1. If amide H atoms are built 1.01 Å from N in the plane of the peptide, which residues on other chains or at least 5 residues away come under 5 Å of the amide H of residue B:85?
2. Which value does Rg/Rh take for the stretch A:1-51 over its C-alpha atoms, Rh per Kirkwood?
3. Given all pairs of different Cα atoms, what value in angstroms does the Kirkwood hydrodynamic radius of the protein assembly as shown take?
4. Of the residues B:41, B:101, B:16, which exhibits the maximal mean-square fluctuation in a Gaussian network model of chain B defined by a 10 Å Cα contact cut-off?
5. Send over the Kirkwood Rh of chain B, from the inverse of the averaged 1/r over different Cα pairs, rounded to one decimal Å.
6. Mind jotting down the distance between the C-alpha centroids of the stretch B:17-45 and the stretch A:37-86, whole Å?
7. Given springs between every Cα pair under 10 Å in a Gaussian network model of chain B, which of B:26, B:85, B:74 has the largest fluctuation?
8. Starting at the first residue of the stretch B:81-91, write each ³J(HN,Hα) from the Karplus equation 6.51 cos²θ - 1.76 cosθ + 1.60 with θ = phi - 60°, in whole Hz, x for Gly and Pro.
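Read-outs throughout are calculated quantities, based only on the coordinates presented, and are distinct from any laboratory measurement. Please read these numbers as outputs of a predicted model, since none were measured by experiment.
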Amino acid sequence: DTAVSQTPKYLVTQMGNDKSIKCEQNLGHDTMYWYKQDSKKFLKIMFSYNNKELIINETVPNRFSPKSPDKAHLNLHINSLELGDSAVYFCASSQGLMAADFGEGSWLTVV
Amino acid sequence: GENVEQHPSTLSVQEGDSAVIKCTYSDSASNYFPWYKQELGKRPQLIIDIRSNVGEKKDQRIAVTLNKTAKHFSLHITETQPEDSAVYFCAASFAGGGADGLTFGKGTHLIIQP
């Protein structure tokens, strides 16, 4: 069974559209994250969510909004997509002092 | 916030030789240092981690060392094999119960030459 699963895996969309990426973890972890990996492979945290506390990386545009219906889910909604949003988005989860487990990634291409 | 520097960006070694990747961090409060391996088109996967109360940790051909005073940590891979070819990321975080997440280095592309 996949521990951290995210959908869709591939997403091609036009500029200006709104899209969502869904993430679910079955590990019972308390904390979930969204990371962005750009074309240079640099991994950067966007959001973390722990017990309904949202911590936002201040560099993330407010067009990006995380939504967590429950502890096992953290979805990412993106408004008014721009070319520069093209990247791989990874969902991850962790518990306490344990390392983060990553999902398989969602490849977003904005055209 | 935390800043992690990683060197080199590309490392090419002969199969069977050792590889060393070095990272430095800026926040003395960081106490957890994982290393991830990412193969092309795949997700980052944890290969080894170390906490600030430990100076060295080894798992078969992989070892990590930590120098808290100097704020640097290193990954050592011995007897490299073709399947070790990948991008390796170091990371640092303050695992104090908050939701800080990991600050990653920019990655090292390790190439194992046959």
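1. B:112
2. 1.00
3. 18.1 Å
4. The residue that fluctuates most here is B:41.
5. 14.2 Å
6. The stretch A:37-86 and the stretch B:17-45 have Cα centres spaced 22 Å from each other.
7. B:26
8. Coupling constants for the stretch B:81-91: 10, x, 6, 7, 4, 4, 9, 10, 10, 9, 8 Hz.
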